[in-house]
Every structure is written in C-alpha cells, then in structure tokens.
Amino acid sequence: MFDNNLWRLIAIGKLFMRNQLPSDASAGDVFGGDWLGFCIILLGILRLLNSMDSK
C-alpha cells in the first residue's frame, strides 16, 4: 500500500535540496488535492449513472 506520507517526504527533500520553491510545493498540494477531489466526484457520478442504467 502506498504510504500517505511519502509524497510529503519527497516534497520536503526537494525543498531541502533547493530543487523546488515552497510556493511550488504548496501549489502542488492544492492542485493535487483538487484533482483527487475531481476524480472522486467523477467516479461517484459514473457509478450513479451505471446503477441507473442497470435498473
């Protein structure tokens, strides 16, 4: 199973090595969360539509 803290460790490592700006890391968290939320909502809509078609 994917460790939920792994992405945080990668982001902190990039900040520590000065490969990434803090604003880039926080923007990645925000947009990544938005994308995840969009995918979860879309999956729910597709499951709802699929259950309506099977009735």
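All of the numbers you see were taken from the coordinates with simple rules; none came from a lab. The structure presented is a predicted model; accordingly, all values stated were derived computationally and were not measured. Neighbour counts run over all protein chains shown; Cβ positions are idealised from the backbone, glycine included.
Quick check: the angle from helix 22-54's long axis to the longest principal axis of the chain, C-alpha only, nearest 10 degrees?
Once rounded, one gets 10 degrees.
May I ask you to list the chymotrypsin sites (Phe, Trp or Tyr not before Pro) in the chain that are in a DSSP loop and have at most 10 other Cβ atoms within 10 Å of their Cβ?
On the way: sites: Phe2, Trp7, Phe16, Phe31, Trp35, Phe38; in loops: Phe2.
Taking the chain and a limit of 10 other Cβ atoms within 10 Å, the loop chymotrypsin sites (Phe, Trp or Tyr not before Pro) found are Phe2.
Of all trypsin sites (Lys or Arg not before Pro) in the range 11-47, which ones are in loop regions per DSSP and have a Cβ with at most 15 other Cβ atoms within 10 Å? All intermediate terms of the calculation are to be shown ahead of the outcome.
Numbers: sites: Lys14, Arg18, Arg47; in loops: Arg18.
Answer by residue number: Arg18.
Determine how many Å³ per residue the convex hull of the Cα atoms of the range 6-54 encloses.
Working: hull volume 3.0 nm³, N = 49.
Cα convex hull per residue, to the nearest whole number: 61 Å³.
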